[in-house]
1. Which order results if Phe156, Phe177 are arranged by neighbouring Cβ count within 10 Å, fewest first?
2. Looking at the range 154-238, which GluC sites (Glu not before Pro) are DSSP coil and have at most 14 other C-beta atoms within 10 Å of their C-beta?
3. Could you tell me the convex hull volume per residue, in Å³, taken over the Cα atoms of the range 135-191?
4. Going by how many other beta carbons lie within 10 Å of each one, how would you line up Thr33, Thr185, fewest first?
5. Please list 3J(HN,Hα) in residue order for the range 85-93, calculated via the Karplus relation 6.51 cos²θ - 1.76 cosθ + 1.60 where θ = phi - 60°; whole Hz, with x for glycine and proline.
6. Give the long-range amide H neighbours of Asn137: residues separated by 5 or more places, or on another chain, with amide H under 5 Å away, using H modelled in the peptide plane at 1.01 Å from N.
7. With the dipole of the range 132-208 worked out from charges on the C-beta (+1 for Lys and Arg, -1 for Asp and Glu) around the Cα centre, which of Ile169, Ala145, Val198 lies farthest toward the positive end?
8. Could you work out the percent of alpha carbon pairs in the range 99-142 separated by over 12 Å, rounded to a whole number?
Amino acid sequence: CCPGQSAVAQSLLTAPSTLWSSSDSSASASQVTGITGILQHAWLLFCIYLVETGGVGLSGHSTVLRGGSTSCLSWDPILGYINEQYEQYLQEELLITRQRHIPDTRVHCCLYFVPPTGHCLRPLDIEFLQRLCRTVNVVPVIARADSLTIEEREAFRRRVIWNLRTHCINVYPQMCFDEDINDRTLNSKLRERIPFAVVGADQEHLVNGRCVLGRKTNWGVIEVENMAHCEFPLLRDLLIRSHLQDLKDITHNVHYENYRVIRLNESHLLPRGPGWVNLAPASPGQLTTPRPFKVCRGAHDDSDDEF
């Protein structure tokens, strides 16, 4: 799931090794649209469903902050979509005769693209991130980082990190889920670089005899996979190499479990069937209502610790 500036996510993740089978580029601002693709990395094939929700805060129904109150919630379509996938999975689990392998359409990671203002997070970003981090794994990303100098980029990163800590926004990888010293060491290095500064590109250029993916400017070529230009390699490694399974585990054992517990607790108000929970599908209001971040991780190690 990629809230943020329109088309940035698609251009960032489009590469020669990616085959996108379908897309919808005519979507309006804050509309949830999806692209299905096959990502090939070495000998591995990944089936990816990318959900793009560009234009957050730019549409006519965007959030207005006045005196600490909010109106016209622009994040409702996104939170509603994420919770709708949890609801579909839950309804499949509650069936007496259910599939052996339930189709998993849940959102495992949300890339939140922050506009490169050079100042700090906008009030809309802060309010939205506070709600998102209680529902899904959130990885903030500085979009169009080539519009900032190196010094401006690092100063902006420090301000964003300060905003996240000040407003208790728990982005991925969450510190409370570091299970051992190796996890703590690896995740600490990643947390120092979050939000990742990335540059999107979908064309290849010839640089010093090499064909590289990048964006050509009057001053040269900004290489997407060059750490001196862009931190896309760090983001790619986190998503499909080092933390892929961890993202899925936290989604299932934390965010989905939190949603499941709340929905099952609501079932005492509903008539029960013979031997199973008779849980009616969630209403649109339930899908967009913010939930407390009280979760339990440890289904794989029989732990009852709560965070």
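1. Details: Phe156 22, Phe177 18.
In increasing order of surrounding Cβ atoms, one gets Phe177, Phe156.
2. Working: sites: Glu154, Glu179, Glu192, Glu204, Glu223, Glu225, Glu231; in loops: Glu179, Glu225, Glu231.
Qualifying residues, ordered by number: Glu179, Glu225.
3. Expressed per residue, the convex hull around the Cα atoms of the range 135-191 is 100 Å³.
4. Arranged by neighbour count, lowest to highest, Thr33, Thr185 become Thr185, Thr33.
5. 5, 4, 5, 4, 5, 5, 4, 5, 5
6. Counting only residues 5 or more places away or on other chains, the set is Cys110.
7. Ranked along the dipole, the leading option is Ile169.
8. Summing the P(r) tail past 12 Å for the range 99-142 gives 67 percent.
No lab work stands behind these numbers, since they all come straight from the coordinates. All values derive from a computational prediction rather than experimental measurement. Counting neighbours? That spans all protein chains shown, and the Cβs are built from the backbone with ideal geometry, glycine included.
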